[in-house]
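Read through the structure below, which is laid out as structure tokens, and then see the notes.
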Amino acid sequence: MKEIIPAPPAIVRNDYESVRELFSKNVVPSYGRFDLALDHGTGSYVFDVAGKRYLDLGGGIAVCCLGHAHPAITDALVEQSKKLIHVSNLYFTEPQGRLAAELVKRIGAGKVFFANSGAEANEGLFKLARKFGHDEGRFEILTATNSFHGRTLAGIAATGQDKVKKGFEPMTPGFRHIPFNDLEAARNAISPATVAIMIEGVQGEGGVTPATPEYLLGLRALCDEKKLLLLMDGVQCGHFRTGKFQSFQRILENVPGGENFLPDGFSMAKSLGGGFPIGAFWVRAPFQDLLGPGTHATTFGGTPLACAVALKIFEVIEKEKLDENARKLGEQMKNELERLAKNYPGVVKSARGLGFMLGLELAEKIPAFAASDKSTAIQFVNRLHAAGVLTIPAGTQVIRLLPPLNLKPQEAAEGIAKIEELVKSLV
Ligand SMILES: Cc1ncc(COP(=O)(O)O)c(C=O)c1O
């Protein structure tokens, strides 16, 4: 007899192999994906298609600042979608104006342009710099070695890592790299064509390395002296992750002269939308009108929907003081990770970071990993998956913890315990 109810399509059967097959047949294979197919999440946990639970300490690479399925985000999405999702930037919409005002209030006097991603926010800053130097023939932007600024053509030219450039040469002209946290190198690298310096406040993909206060203040003075724009990429380290709204505010707190520090341009994305795509750049007041009508645009930038979500996220973070949570719990987690480095030097080399942007540098030669040609970081992350914890590799030796800002103390303890268990097993 013919079956009355046909077998459900593969995706409904919810098994890993069928999801993977959809990808291998239909999705461009540009990502090295882990062997996990995730299905749903709640708070700091996600579940795979087989129902296995994982503590998400990667936060979708510093994106899911309120965790998964936060009701405030769902409500904001639903409410705004009933009213207005998109109209284009040919018109004014209140959520975009209000979100810009919130960003200006927290960074400093200036204006904001909305985009859709971190790379696109940085592209805007590159264009700002080119416009700034155009009439004097200056166009060159100095960026740091080990930096990461996105995967567009200008993004990979700006990124100080060869692996993202390979196969895509020739590079977009106008970018040169300087060693990070080395002020003298920056001074020496400036040429008559230089127009800007761009750095991350805390290098993320490069292995979780914060800028020093002296470097930030020194670059500010250098840029003023040489008439350069100081641009900062806050895409990963921003949005309260370090314990202050932006990383430079955290790095320079209580530092004499730090209270007056501002970059000239600043990019944001990731946690700004908590998982809903939105990017933005802020530009300091003296330069805020450089990009006049017709010079820069994007269809989806700052839709009412994206901005309503971002506004709601500000409300939740501030009401629940999640910046303080990131600072306090992040410090405790860092202490625990440092303890691991002290107790198990054969596995963990060092721990570093600020707030909820933490890096664990693994030892070069871990005997249990010798047989595989996968990097130490990837093998460590894979083993943590087996233990039910998600983390993110950074380069070959570092794993990153970028948890939601509302991570609970018992969840932090669970994550540390599982990491320690793994470390112990590798001794
Ligand atoms: C510091 C930094 N800048 C830019 C980007 C690019 O952002 P997106 O992937 O949203 O284009 C990233 C992404 O990881 C990043 O970490």
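The values are calculated or read from the model by the stated rules, or taken from the named source; none is laboratory data. A quick note: this is a predicted structure, and the numbers were derived from the prediction, not measured. Counting neighbours? That spans all protein chains shown, and the Cβs are built from the backbone with ideal geometry, glycine included. For accessibility, only protein heavy atoms count, side chains too; no ligands or nucleic acids. Shrake-Rupley method; radii C 1.70, N 1.55, O 1.52, S 1.80 Å.
Over the chain, give the accessible area per residue in Å² for a 1.4 Å probe, as an integer. Before the final figure, lay out each step's value.
Values: 19850 Å² over 427 residues.
Per residue, the chain has an accessible area of 46 Å².
Among 166, 312, 349, the largest mean-square fluctuation in a Gaussian network model of the chain (Cα springs under 10 Å) belongs to 166.
The range 114-149 and the range 222-238 have Cα centres lying 10 Å from one another. What are the lysines whose alpha-carbon lies under 28 Å from the alpha-carbon of residue 424, with same-chain residues fewer than 8 places away excluded? List returned: 52, 328, 334, 342, 349, 365, 374, 408.
Taking the protein heavy atoms of the chain in the context of the full set of protein chains, the accessible area attributed to carbon and sulfur is 57 percent at 1.4 Å. Cross-link reach is defined here as a Cα-Cα straight distance under 26 Å, omitting same-chain residues fewer than 8 places apart; for residue 226 the lysines meeting it are 111, 127, 131. A Förster radius of 51 Å combined with the Cβ-Cβ distance from residue 259 to residue 371 puts the calculated FRET efficiency at roughly 0.45.
Adding -39500 (n - 2.57) for every DSSP H run of four residues or longer, then dividing by how many residues the chain holds, sets the calculated 222 nm ellipticity at -11500 deg cm²/dmol. Taking all protein chains together and rolling a 1.4 Å probe, residue 381 ends up with roughly 0 Å² accessible.
Distances between placed amide hydrogens fall under 5 Å for residue 348 paired with 363, all partners being 5 or more residues away or on another chain.
For residue 315 and residue 82, what is the calculated FRET efficiency with R₀ set at 22 Å and r taken between the beta-carbons, to the nearest 0.05?
Working: r = 19 Å, r/R0 = 0.86.
Efficiency, from the Cβ-Cβ distance: 0.70.
Ordering 344, 232, 295 by Cα displacement along the dipole of the chain toward the positive end leaves 344 in first place; charges were set at the Cβ atoms of Lys, Arg (+1) and Asp, Glu (-1). Of the GluC sites (Glu not before Pro) found in the range 185-254, the ones in coil according to DSSP and having at most 15 other Cβ atoms within 10 Å of their Cβ are 253. Computed over all pairs of different Cα atoms, the Kirkwood value for the hydrodynamic radius of the range 6-135 is 19.0 Å.
For residue 188 and residue 90, the difference between the fully extended length at 0.36 nm per residue and the C-alpha to C-alpha distance is 30.8 nm. The alpha-carbon of residue 83 sits under 22 angstrom from the alpha-carbons of these lysines, leaving out residues fewer than 8 places away in its chain: 312.
Each peptide among 235-247, 144-156, 358-370 gets the average number of other Cβ atoms lying within 10 Å of its residues, and from highest to lowest they stand as 235-247, 144-156, 358-370.
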